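The values are calculated or read from the model by the stated rules, or taken from the named source; none is laboratory data. Not measured: the values here are computed from a predicted model. With ideal geometry, Cβ positions are generated from the backbone for all residues, glycine too; neighbour counts draw on all protein chains shown.
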Amino acid sequence: MLVLLVHKSKGEEGLDPVSSLVQSSLSPVTATQMCSFLEKISIRWYIRLGIFLATILTLASFLIQEGTGSYTLFTLHPILMISAFAGMLSEGVLHYRLSTATLENARIHHGVILILSTLLALIALIIILVNKVNIKHELYPHTAHAVCGTATLTLMAYQALSGCSKLQWLWKTGDKMYTCHGKLGIIVIYVLSIITMLLGFQEVEGGLSLWIASGSLIFLCVLVLHTFFRRKRTVIDPYAALTSEIELEMTADPDLDFSFS
């Protein structure tokens, strides 16, 4: 009889009462859970998502402009450069403000990311030089894009060498050197790389594709610069925490002696 009643109710109203009750109770719970889940995600992952989406949009705008049947050796040059600078370099210069690893591990991760970015850029440089030889084009830089690109790669090579020297000296002595290393990377090299890519897109793209690429790169530059200068470091520095505790203790009681003699 229970089956008949359920069947009758379903036939009269067009929906099983049990199913209707379940659907009405699940919908608000799912929405609430989704909002709660999104609130728990750290802001650093939203920043990384912004970097990823801007990089993908930049790559997509170039590939769509090129067309499916016109890929050549030259096509690899912007693909690798966009991946190196828009993708990996963005994460590299912000790593101390996005990572929650210890300072020592964060330094290693930062170095690995920057080394990979430099290698991709060097491969892209070799590809464009080989392409110029194949089409019998002059090798020396003669456009604004080529001049800025040469300056960017030269500074990036210096930055990679100085970064390795800085890390080795830090591990050996515990003292810092090349204090302008971080500012040079974000203010000069990163901004110059964005300008170089914008100039490159103006040479090979046009119309909506150019606007999408330019908008993505400008958004990316603003996001990275704002994060670098407005967001504090998130890496864990045990030594800094210990130093802060000692300073607080000394402030509270100046007569305490923390010397080890």
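Descriptive notes on the structure:
- Residues considered: Phe219, Phe201, Phe228. Of these, the only one that is modelled with pLDDT of 95 or more and either assigned to a helix (DSSP H, G or I) or at positive phi (or both) is Phe219.
- Every residue from the range 131-149 that is outside any helix (DSSP H, G or I) and among the aliphatic types (A, V, I, L, M): Ile135, Leu139
- Scanning the range 182-194 turns up at least one residue that is exposed (fewer than 12 other Cβ atoms within 10 Å of the Cβ) and either free of Cβ contacts under 8 Å to residues at least 40 places away in the same chain or closer than 20 Å to Ile123 by Cα (or both).
- The lone exception for Val112 - which of (1) touching a residue at least 24 places away in the same chain (Cβ under 8 Å); (2) within 20 Å of Leu167 (Cα to Cα); (3) aliphatic (A, V, I, L, M) it fails: (1)
- Taking the criterion of being hydroxyl-bearing (Ser, Thr, Tyr) and at pLDDT below 80, the residues of the range 231-261 that qualify are Tyr239, Thr243, Ser244, Thr251, Ser259, Ser261.
- Restricting the first member to the range 117-133 and to residues that are over 16 Å from Gly92 (Cβ atoms), and the second to residues that are surrounded by fewer than 14 Cβ atoms within 10 Å (Cβ to Cβ) and of a type outside the set (Val, Ile, Thr), the beta-carbon pairs closer than 6 Å and six or more apart or on different chains are Asn131/Leu73; Lys132/Leu139.
- Contacts under 9 angstrom Cβ, first residue in the range 203-218 being more than 8 Å from Thr58 (Cα to Cα), partner outside any helix (DSSP H, G or I) and hydroxyl-bearing (Ser, Thr, Tyr), 6 or more apart: Glu203/Thr143
Here's the yes/no breakdown for (1) assigned to a helix (DSSP H, G or I); (2) surrounded by 11 or more Cβ atoms within 10 Å (Cβ to Cβ):
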position	(1), (2)
Ile113	yes, yes
Ile126	yes, yes
Leu129	yes, yes
Ala151	yes, yes
Gln159	yes, yes
Gln168	yes, yes
Trp171	yes, no
Lys176	no, no
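- Pair list, Cβ under 9 Å, 6 or more apart: the range 48-59 residue free of Cβ contacts under 8 Å to residues at least 40 places away in the same chain and within 16 Å of Val93 (Cα to Cα), other residue part of a helix (DSSP H, G or I) and among the small types (Gly, Ala, Ser): Phe52/Gly87
- Applying a threshold of 8 Å to beta carbon distances and a minimum spacing of six or more residues, or different chains, the list of pairs starting in the range 77-102 at a residue that is in contact (Cβ under 8 Å) with a residue 40 or more places away in the chain and ending at one that is surrounded by 20 or more Cβ atoms within 10 Å (Cβ to Cβ) and charged (D, E, K, R) reads Leu98/Glu91.
- Test: Phe85 is within 28 Å of Thr227 (Cβ to Cβ) and of a type in the set (Phe, Trp, Tyr): yes
- The one condition in (1) of a type outside the set (A, V, I, L, M); (2) modelled with pLDDT of 50 or more; (3) farther than 30 Å from Ser214 by Cα that Ser25 fails to fulfil: (2)
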